[in-house]
Protein chains: 2
Amino acid sequence: MQLSCPTPKLDFDVVTLGHGSGGLLTHRLLNQGVFEILGDVLVNSEHDGACIATDEKMAMSTDSFIVSPIFFPGGSIGDLAVNGTVNDVAMCGAKPLYLTLSLIIEEGLAVSELWKIVDDIAIACRKAGVKIVTGDTKVVDRGSGDKIFINTTGVGSYLPKASISPSRVSKGDAIILTDSIANHGMAIMSKREGLAFESEIKSDSRALNHSVESLINAFADQIHLVTDPTRGGVATVLNEIASKTNLGVELTHEKVPVEDQVAGACELLGLDPLYVANEGVYLIFCPDQLAEEVQENLKALGHRPAMIGKMVEEHPKQVIMDTPMGGKRVISMLPGSQLPRIC
Amino acid sequence: MQLSCPTPKLDFDVVTLGHGSGGLLTHRLLNQGVFEILGDVLVNSEHDGACIATDEKMAMSTDSFIVSPIFFPGGSIGDLAVNGTVNDVAMCGAKPLYLTLSLIIEEGLAVSELWKIVDDIAIACRKAGVKIVTGDTKVVDRGSGDKIFINTTGVGSYLPKASISPSRVSKGDAIILTDSIANHGMAIMSKREGLAFESEIKSDSRALNHSVESLINAFADQIHLVTDPTRGGVATVLNEIASKTNLGVELTHEKVPVEDQVAGACELLGLDPLYVANEGVYLIFCPDQLAEEVQENLKALGHRPAMIGKMVEEHPKQVIMDTPMGGKRVISMLPGSQLPRIC
């Protein structure tokens, strides 16, 4: 595996319980490995906590990542752990600034895999423009974990022009999706099931904070809500919004962008792309008359947006989709999971 | 198990993968269970992130807890996860305000155990005076985790009078320990090994933030450093300080307080209490001439302090202990762990 910096040379190939002891082995793993790879992304701290500079109101979000497999087309648990939390903070209408990084490693993880993951973390942090301020490393015995779990917690400062909240979503609001869906979930599933397609399906894992910031700079409080449909997909997040706003969601099936390859994989596995996880797209709720302009703006930012529906007074708390056959279908929240351990 | 509030009644007894899906099952687990138990400790947030009010400079710390067993004399992984991070923030010289809470649950965990853990979290938050602002729940398949891992990340505002840093530790500084050591580690080990003693050894797991705040209010920047000897114990943390300050540590064996019961258990298991984890004591570094007054102050706060050593110019980066026989012993950092999964 190729890292973006020279591979640290240590005299062990796998992580052992001792590396989680807090003793010399932990120090070596961190000082001669992890910290070296993180490089400029790491804010130096000589204590168990870190000092962060903030303004008066901060957004904060946390996520633990348990995705399996830990490497997949288009990403790894490393960049996913950065992008996921960066995006959660961005979806508050905030500019992500700092992350904490906590690793739970299963004894026996190949050190080369750990370095690759930490390298992915460093690259993702640089792209998102965030710094890691403090962290933690634990090791569990073989069979008590699964290679590596990563928790990241992010803080960010609110964008001065932002006024983002589910409570601001109003009747008539357009629902705009930035890009085609289900890529992340299907990339993981294809890898897990060993499926080969003509061209590989790649995860859409990426940081969305720069895009959200541009949009809010352009439209200020006209952007009522931004939210990213990760675990549970577009269907789950729209149900949450319908439920919180006491409004209905009207969805148009043919407007929801899904790449052919991804749609094919979904059909093969009997999955509905509306419920499949994404890690690089988001939904925008704004007044209907702005919908065109917002989409133009998104295109200029490199997205391929579509207005997939709107908020209505009818059928409160329900998501109803127009089907290609001219019928209507209730898109309910699934009780459980189509795809476990997707993020 | 008795909770501090009525037990949530749900129609499932164990956690399943579906509870980690983000769908209806996740919502029920959270809304009808976790949130109800957390009660006033939870800051309501309608988004995936939370808004926190802060001042300009904040302390931030993160920790993942993987302790096994998850229930032990004197505590559980729940209160440990709160106290551990609260204490890390307090040791920065800050007042802990907010925590994030992220659960990684192994499929099959008894719901009654989960409720007990969440209840312990709520009680510990109330004692420490902190609020949970946002969280995350993931479920891994059976055999890919071990009951439950918990990540907490804390933020706090710096105490105006505090000036805490390893770089402030000076030649001649007294090293004061607030209470007797090794209780946490030996409570876990006794439970793990099924050892029975005349009276049960209990973990010292508790929040230290109120104590640190009182001390700093009283002595301001005369307190050079506070630090809690958790994983790796007093020996490891003193080695870290010696290494960072380029000074030596002179330790007096007979001054280090260890309860008879705990000392006996250590001897039985062949462990040195200096390396055993603590979760409710801390070390204070301050000018020698203040040592008496600081100890009086600590006694008034309910501690049983002892001055266990001092910082010296001799043997830089080394911890040397006077032994009862009149000899001297180098207390080095252990390469690995005496006790894995202690926190």
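The values are calculated or read from the model by the stated rules, or taken from the named source; none is laboratory data. Owing to the predicted nature of the structure, the values given are computational and were not obtained by experimental measurement. Quick reminder, even Gly has a Cβ in these numbers, built from the backbone with ideal geometry, and neighbours come from all protein chains shown. Remember, those area values only see protein heavy atoms, side chains included, never the ligands or the DNA or RNA. Shrake-Rupley method; radii C 1.70, N 1.55, O 1.52, S 1.80 Å.
Any chance you could look up the accessible area of residue B:115 with a 1.4 Å probe, heavy atoms only, rounded to 10 Å²?
The value for residue B:115 is about 10 Å².
Over the Cα atoms, compute the radius of gyration (one decimal) and Dmax (the largest Cα-Cα distance, rounded to a whole number) for the protein assembly as shown, in Å.
25.8, 92
What nm value, rounded to one decimal, do you get for the distance between residue B:163 and residue B:200 when each label is placed 7 Å out toward the C-beta?
4.6
Given R₀ = 22 Å, what would the calculated FRET efficiency be for residue B:71 paired with residue B:263, taking r from the Cβ atoms and rounding to 0.05? Can you show the working numbers first?
Details: r = 25 Å, r/R0 = 1.12.
After rounding to 0.05, the efficiency reads 0.35.
Put a point 7 Å out from Cα along the line to Cβ at residue B:328; what are the distances to that point in the other copies, in nm, shortest first?
Distances to the matching label points in the other copies: 8.6 nm.
Tell me, what is the 1.4 Å probe accessible area of residue B:231, in Å² to the nearest 10?
60
At 1.4 Å probe size, put B:19, B:253 in order of accessible surface, largest to smallest.
Details: B:19 5, B:253 80 Å².
Largest accessible area first, the list is B:253, B:19.
Which of the residues in the range A:61-94 lose at least 30 Å² of accessible area when you go from the chain alone to all protein chains together (probe 1.4 Å)?
The answer is A:62, A:64, A:66, A:88, A:92.
Going by amide H atoms built from the backbone, whose H comes under 5 Å of the H on residue A:65, apart from near neighbours?
Correct list: A:150, A:151, A:152.
In deg cm²/dmol, rounded to 500, what helix-only [θ] at 222 nm does chain B give when every DSSP H run of at least 4 residues adds -39500 (n - 2.57) and the total is split over its residues? Walk me through the intermediate numbers first.
On the way: 9 runs with 97 residues, N = 343.
That calculation yields -8500 deg cm²/dmol at 222 nm.
Over chain A, with a Gaussian network built from C-alpha contacts below 10 Å, which listed residue (A:14, A:86, A:294) shows the highest mean-square fluctuation?
Taking springs between Cα atoms under 10 Å, the residue moving most is A:14.
Which one of B:233, B:39, B:248 has the biggest mean-square fluctuation once chain B is modelled by GNM with Cα springs under 10 Å?
Of B:233, B:39, B:248, the most mobile in the Gaussian network model is B:39.
Can you give the % of DSSP beta bridges in chain A that are antiparallel, to the nearest 5? If you can, show how the numbers build up before the last one.
On the way: 40 of 54 bridges.
For chain A, the DSSP antiparallel bridge percentage is about 75.
Can you pull out the GluC sites (Glu not before Pro) in the range A:292-343 that DSSP calls coil and that have at most 16 other Cβ atoms within 10 Å? All intermediate terms of the calculation are to be shown ahead of the outcome.
Values: sites: A:292, A:293, A:296, A:313, A:314; in loops: A:313, A:314.
Here the sparse-neighbourhood loop sites are A:313, A:314.
Would you rank B:201, B:164 by solvent-accessible area, highest first, keeping every protein chain in place and using a 1.4 Å probe? Present the calculation step by step, with values, prior to reporting the outcome.
Working: B:201 10, B:164 30 Å².
Largest to smallest exposure gives the sequence B:164, B:201.
Going by alpha carbons, how many degrees (0 to 90, nearest 10) lie between the helix axis of A:209-219 and the longest principal axis of chain A?
Helix A:209-219 sits roughly 40 degrees off the main axis of chain A.
Under a plain spin-label model, where a point goes 7 Å from the Cα along Cα-to-Cβ, how far apart in nm are residue B:328 and residue A:325?
Roughly 8.8 nm, to one decimal.
Sorted from largest down, give the three principal axis spans of the alpha carbons of the range B:166-330, whole angstrom values.
For the range B:166-330, the Cα spread along each principal axis is 45, 36, 24 Å.
Of B:321, B:242, B:12, which is farthest along the charge dipole of chain B in the positive direction, counting Lys and Arg as +1 and Asp and Glu as -1 at C-beta?
Final value for the positive-end residue is B:242.
How would A:215, B:25 line up by accessible area, probe 1.4 Å, largest first? Don't jump to the answer; show the numbers that get you there.
Values: A:215 0, B:25 45 Å².
Solvent-accessible surface, decreasing: B:25, A:215.
In debye, nearest 20, what is the charge dipole magnitude of chain A about its Cα centre with +1 on Lys and Arg Cβ and -1 on Asp and Glu Cβ, if you could check?
On the way: 28 positive and 43 negative charges, 57 e Å.
Magnitude of the dipole: close to 280 debye.
Once ligands and nucleic acids are excluded and a 1.4 Å probe is used, how much of residue A:98 is accessible, expressed in Å² to the nearest 10?
Estimated to the nearest 10 Å², residue A:98 gives 50 Å².
Give the lysines reachable from residue B:138 as a straight Cα distance under 24 Å; neighbours fewer than 8 places away on the same chain don't count.
Within the straight-line limit of under 24 Å, residue B:138 reaches these lysines: A:116, A:138, A:147, A:191, A:202, A:244, B:9, B:116, B:147.
For the range B:201-308, report the accessible area per residue in Å² (1.4 Å probe, heavy atoms, rounded to an integer).
Details: 4100 Å² over 108 residues.
Here the residues of the range B:201-308 average 38 Å² of exposed surface.
Pop out the ³J(HN,Hα) list for the range A:13-25 in order, Karplus 6.51 cos²θ - 1.76 cosθ + 1.60 with θ = phi - 60°, rounded to Hz; leave Gly and Pro as x.
Couplings: 9, 10, 7, 10, 4, x, 5, x, 7, x, x, 4, 4 Hz.
Placing +1 at every Lys and Arg Cβ and -1 at every Asp and Glu Cβ, with all other atoms neutral, what dipole size does the range A:126-215 have around its Cα centre, in debye to the nearest 20?
On the way: 13 positive and 10 negative charges, 66 e Å.
In debye, rounded to 20, the range A:126-215 gives about 320.
Obtain the nm distance between the two label points defined at residue B:288 and residue B:9 by a simple spin-label model: each point lies 7 Å from its Cα along the Cα-to-C-beta direction.
Roughly 6.8 nm, to one decimal.
From the label point of residue B:172, set 7 Å along Cα to the beta carbon, how far off in nm is each other copy's matching point, shortest first?
Reported distances to equivalent positions: 7.6 nm.
Please give the residues of the range A:312-337, grouped as numeric ranges, whose backbone N is less than 20 Å from a label point set 7 Å along the Cα-to-Cβ vector of residue A:170.
Residues A:312-317 fall inside that zone.
Roughly how big is the protein assembly as shown's charge dipole about its Cα centre, with Cβ charges of +1 (Lys, Arg) and -1 (Asp, Glu), in debye to the nearest 20? Walk me through the intermediate numbers first.
Details: 56 positive and 86 negative charges, 41 e Å.
Around 200 debye, computed over the protein assembly as shown.
According to the Cα gyration tensor, what semi-axes, each the square root of 5 times an eigenvalue, does the equivalent ellipsoid of chain A have, listed from largest to smallest in whole Å?
37, 24, 16
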